[in-house]
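Engineer: I have a structure I would like to understand better, so I am pasting it below and will then ask my questions one at a time.
Bear in mind these aren't lab numbers, they're just calculated from the coordinates by the rules spelled out. Quantities reported herein were computed from a predicted structural model and do not represent experimental measurements. All Cβ positions, even for glycine, are placed from backbone atoms using ideal geometry, and neighbour counts span all protein chains on display.
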Amino acid sequence: MYKNLRAALAAFFLLAFASAVLPAPPVLKAAVVHVAPVTEAGWVRQHENARLALEKALGRQVHTVAVENVAEGADAERVIRDLAQQGYGLIFTPSFGYMEPTLRVARDFPAVRFESLTGYKTAPNVAVANARYYEGRYLAGIAAGRMSRSGVAGYVAGFPIPEVLQGINAFALGMRSVRPDAMVRVIWLQSWFDPAREREAAITLMNQEADVLAFHTASTAVMRAAQERGRWAIAYHSDMRHVAPEAQLLAVTHHWDAYYLSRARAVIEDRWQSQSVWGGVREGMVRVGEFSPRMPEAVRREVLARQQDLAAGRLQVFAAADKPVLDAAGAVLIAAGAALNDGQIQSMNVLVQGVQGGLPR
């Protein structure tokens, strides 16, 4: 008995001594810089959800912080640099306008890993990732084409960068795939987050016969306007039924949790490498769902079937079958029987036929 007690005490003191002497495993400090305030839904909400999921999955292995409402440009560089100086070893910068500031800071902090989300320029310590949001836009366009009475959809857009143009064009192609005479009217804001102007643009579009609205901005203002006017709207980034329960036709949602977690684990396990990722429906980064109960079952099944086709590679959004796809000026954008490659999609700088509003000067 005494021998067992002495052995137990010896083991206890040995363990206590080892705990006191051995250093605790290092904690990864990870940061996320948000381009707009953290609200209940939208682009920033999805990335904030990913940060919180990271904390939940890794527990004491990670400490995270978010800095919200950081303007692109000089403010972004100041914030990113400050985080690097504070010892954050993994910094997510999810906004296209953060790309250049991220690269400038990364040159001065080679030991810090940066994730430039929606950027396209890499460096030894800068990875980029984006999603094929346009796949969800195409599916939403099919639903809009089936549900619109006027054949006119409105689109509130931020900046005319390739990602936004891809979405507008895909939405128009999806809509016209089931309703060839459909039109998409665009209003450009030159801002990602301006709820008052987003609402004003939505009302203007509804006054111009649009009975379905889509948007590429960061607030829920368009959804709220559609709810007030009794029109349909496509939620973007997040499910927005809580602000537009009657207006939401469906939601195009983005899912970043798995990406954040995989990149944090790569840093912790010392296997992080710069890379370029462009995932979509197949990878689970984009999907449509959260359908209105007023949507006919046949339309819901059609949209979900096309989503399965995208996931299986049977459907390409920017491809032409028996006739060419034209741009808004009437020139051939995609020849019959051809498809745009990733490089052409990522550098998209025109609007397709059926889109009204042009590009801002």
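Engineer: Could you give the distance between the Cα centres of region 50-93 and region 188-260, to the whole Å?
Structural biologist: 27 Å
Engineer: Over the chain, what is the relative contact order in whole percent, taking alpha-carbon pairs under 8 Å and six or more residues apart?
Structural biologist: 16 percent
Engineer: Along Cα→Cβ, 7 Å out, is where each label goes; now give me the distance between the ones at A66 and A321 in nm to one decimal.
Structural biologist: Taking the two extended label points, one gets 4.2 nm.
Engineer: When DSSP beta bridges are limited to those with both residues in the chain, what percentage is antiparallel, rounded to the nearest 5?
Structural biologist: The answer is about 20 percent antiparallel.
Engineer: Next up: For A131, what charge total do you get from the other residues with a beta carbon under 14 Å from its beta carbon, if Lys and Arg give +1 and Asp and Glu give -1?
Structural biologist: With Lys, Arg at +1 and Asp, Glu at -1, the neighbours total -2.
Engineer: While we're on this one: Find the relative contact order for region 315-361 and round it to a whole percent, using C-alpha pairs within less than 8 Å whose residues are 6+ positions apart.
Structural biologist: RCO, region 315-361: 36 percent.
Engineer: Can you give the net charge of the other residues whose Cβ lies under 12 Å from the Cβ of L310, counting K and R as +1 and D and E as -1?
Structural biologist: With Lys, Arg at +1 and Asp, Glu at -1, the neighbours total +3.
Engineer: Right, next: Roughly how tilted is helix 99-108, in degrees to the nearest 10 and between 0 and 90, from the longest Cα axis of the chain?
Structural biologist: Taking Cα atoms only, the helix is inclined about 20 degrees.
Engineer: Related question: Among all the aspartates and glutamates, which ones have a C-alpha under 20 Å from K29's C-alpha, if same-chain residues fewer than 8 places away are not counted?
Structural biologist: Result set, ordered by chain and number: E48, E55, E68, E77, D82, D108, E115, D257, E269, D270.
Engineer: Tell me the angle of helix 297-312 to the major Cα principal axis of the chain, expressed in degrees between 0 and 90 and rounded to the nearest ten.
Structural biologist: For 297-312 against the chain, the angle is about 60 degrees.
Engineer: Rounded to the nearest 10 degrees, what's the angle between the helix 43-58 long axis and the longest principal axis of the chain, both from Cα atoms, 0 to 90?
Structural biologist: 30 degrees
Engineer: Now, a different point. Less than 11 Å Cβ to Cβ from L249, Lys/Arg counted +1 and Asp/Glu -1: what total charge do the surrounding residues give?
Structural biologist: Here the count lands on +2.
Engineer: By per-residue mean of other Cβ atoms within 10 Å, what is the highest-first order of 60-68, 172-180?
Structural biologist: Output ranking for 60-68, 172-180: 172-180, 60-68.
Engineer: Answer with a single label: of [x] 125; [y] 138; [z] 175, which was calculated as volume of the Cα convex hull per residue in Å³ from the structure in view?
Structural biologist: Read-out taken from this structure: [z].
Engineer: Additional query: Can you tell me the relative contact order of region 176-305? Whole percent, Cα pairs under 8 Å, sequence separation 6 or more.
Structural biologist: Averaging sequence separation for qualifying contacts and normalising by length gives 16 percent for region 176-305.
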